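A quick write-up on the structure given underneath.
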Amino acid sequence: MVESEATGGRFIGIGRPRRSVWFRAVTFSMFLAACGSSSIPEFNGSAGEGGGGPLPTSCRSDKDCTPHGLLCDLASNRCVECFTEAECEERSECLAGACHPITTCSSSLDCPGLEVCDPVNGRCYACLTSSDCDPAFECVDRTCLNAGAGGAGMGGNAGNSSGGAGGAGAFGGSAGMAGSAGTGGVGAFGGSAGMAGNAGAGGGSGAGGGSAGSGSGTGATCRDSVVPVFSEDFATPSDPTWTNGGDQPILGSVWRAYTRGDHGVRINAGLFEVTSSHEQHGQGYAYVQSSVVYGSAYSPTLKANGTSGVVWAFNLQRGNPQVSVPGGFKCVSTLAQNELTVGAAYVLATDSAAGLDALTTSCSPTGTSRGYALALVDSKLQLVRFTDGLRNGTFTVIVESPAYVSSHYLSARVTYAPPSDVWTLESRTDGAAGFQNPNVGSYSSRVSAVDSALVDQRLDVSGPYFQAGCIGNCPGLFSARFDNVTVALCTL
């Protein structure tokens with residue numbers, strides 16, 4: 001666990017030691033899932049030998065889970081075995097917080113029990129969609145989970161009479177503090193209280209007549225009900241001409257662009273590209289207004305999306321003339337920006353497109369926009385909350401990925417859960433050859449943290465961004481590429 005008071009976020013799941021088979025065996029009890037003979041761990045059972053007593057029904061920090069060899073997932077407030085594949089043994093991957101042995105396949109006939117073969121990566125899983133599970137179960141992270149397993153959310157709004165603290169479900173959300181009777185309200189963690197307070201599977205009744213609701217224990221993990229609101233593969237207009245200037249339309253597309261310092265943007269050969277200049281420091285970016293192009297199902301005020309998760313997925317790559325260039329968004333001296341202020345980002349949501357158009361002749365912040373972005377800083381992807389724009393603005397790092405080769409093609413998926421204000425970043429490298437679909441395949445890193453500073457503000461602008469510092473003696477033109485952008489609402 002890495003914590004930083006300066007960033008205001010918690011970095012979860014980076015650099016954990018792998019768990020042994022023996023440790024998992026004495027820590028977990030298993031129950032039979034509805035996906036044939038595939039089993040998934042029940043994280044709320046009793047600990048085995050040396051486990052330090054019963055497992056907690058919910059957690060607020062790693063301290064609640066580490067006596068049992070587990071970690072606390074802040075997105076769901078439950079103890080889990082892993083966050084990423086690196087925390088599992090060789091030939092295992094992390095699914096729904098548990099290590100799952102990897103079995104390769106060419107068809108489902110190659111898979112054990114009633115597992116099914118994923119034709120994309122050639123691996124066996126308990127499910128690919130909820131139709132692979134029994135009716136009472138849902139497919140989450142290719143694992144069949146009980147749809148009603150989970151406690152009422154913390155602080156759910158009461159009905160006419162309040163109950164006591166609701167119990168946690170068998171595989172999911174935290175115990176509801178002061179779980180409510182009647183028609184329950186939305187909890188801050190773990191989903192909504194059920195009608196008349198009915199307990200989810202394994203949920204205990206509250207002390208004063210209130211019951212644990214039917215909440216989701218997966219936090220910022222989407223179930224299989226995903227509604228796309230925006231998709232862009234940059235197939236058109238495929239124009240090699242560079243666009244530059246202030247608030248210029250990119251003809252044949254829904255995008256508008258700002259550039260400064262001889263930077264240019266274009267949509268060409270299935271990519272969105274930004275190029276730098278040998279003559280001037282600058283930036284280039286494109287934007288859409290979500291209220292115009294995303295449709296009425298999506299709210300630019302992130303918190304107003306209610307119980308629906310918001311999911312952004314995309315590819316990005318920063319092309320370096322020399323791989324050793326670190327890249328970033330701030331300068332110390334206007335005369336020393338060369339090869340240093342080379343930053344790529346995808347702006348998830350901000351309040352102003354013009355507010356990103358900062359001056360390049362100052363190292364003081366001159367931008368005015370605020371919002372959320374995924375920024376490639378040095379060799380890490382950082383999910384940041386920013387103020388005063390991106391160039392020389394103030395970044396608050398919510399979570400960050402492991403280090404990647406800074407010129408590799410990267411895939412990323414960011415999920416925001418309005419009920420809990422949990423943000424989750426999933427990321428991976430697709431190597432040096434080209435982009436892979438960010439909505440297909442597994443991710444090597446998954447980190448989560450809570451941030452609510454700007455979610456109640458209207459953030460109506462989104463799009464790709466790139467800046468560079470280079471006058472005269474840079475080794476080549478810096479560039480950035482983006483592809484396969486999707487925005488969706490999902491059932492948490």
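The values are calculated or read from the model by the stated rules, or taken from the named source; none is laboratory data. Computed from a prediction, not measured in an experiment: that's the story for all the values here. Heads up, the Cβs are rebuilt from the backbone with ideal geometry, glycines too, and the neighbour counts pull from every protein chain shown. What goes into the accessible areas is simple: the full protein's heavy atoms, side chains included, and nothing from ligands, DNA or RNA. Shrake-Rupley method; radii C 1.70, N 1.55, O 1.52, S 1.80 Å.
Using the Cβ-Cβ distance between Ala269 and Glu89 with R0 set to 41 Å, the FRET efficiency from 1/(1 + (r/R0)^6) comes to roughly 0.45.
In this rough spin-label picture, where each label sits 7 Å from Cα along the Cβ direction, the Thr361-Asp110 distance is 6.3 nm.
Counted residue by residue at 0.36 nm each, then reduced by the alpha carbon distance between them, the extension gain from Ala403 to Ala235 reaches 57.5 nm. In terms of its C-alpha gyration tensor, the range 65-139 comes out oblate, because a/c is 1.5 or above while a/b does not outweigh b/c. Please name whichever of Gln457, Phe478, Phe435 sits farthest to the positive end of the charge dipole of the range 368-484, dipole taken about the Cα centre and charges placed at Cβ: Lys and Arg +1, Asp and Glu -1. Checking the options against the dipole of the range 368-484, the answer is Phe478. In percent, rounded to a whole number, the relative contact order of the range 376-474 is 22, using alpha-carbon pairs under 8 Å and six or more apart.
A simple spin-label model places pseudo-atoms 7 Å from Cα toward Cβ; at Thr103 and Ala304 they are separated by 4.9 nm. Taking a ≥ b ≥ c as the square roots of the Cα gyration tensor eigenvalues, the range 239-311 comes out prolate, since a/c reaches at least 1.5 and a/b is larger than b/c. The solvent-accessible area of Val227, taken with every protein chain present and a 1.4 Å probe, is close to 80 Å². A 1.4 Å probe, protein heavy atoms only, puts the accessible area of Leu489 near 20 Å². For the charge dipole of the range 378-492, defined by +1 on Lys and Arg C-beta atoms and -1 on Asp and Glu C-beta atoms about the Cα centroid, which residue among Ser411, Ser401, Phe386 has the Cα displaced farthest towards the positive pole? Selected residue: Ser411. Applying the criteria of a DSSP loop state and at most 13 other Cβ atoms within 10 Å to the chymotrypsin sites (Phe, Trp or Tyr not before Pro) of the range 229-265 yields no site.
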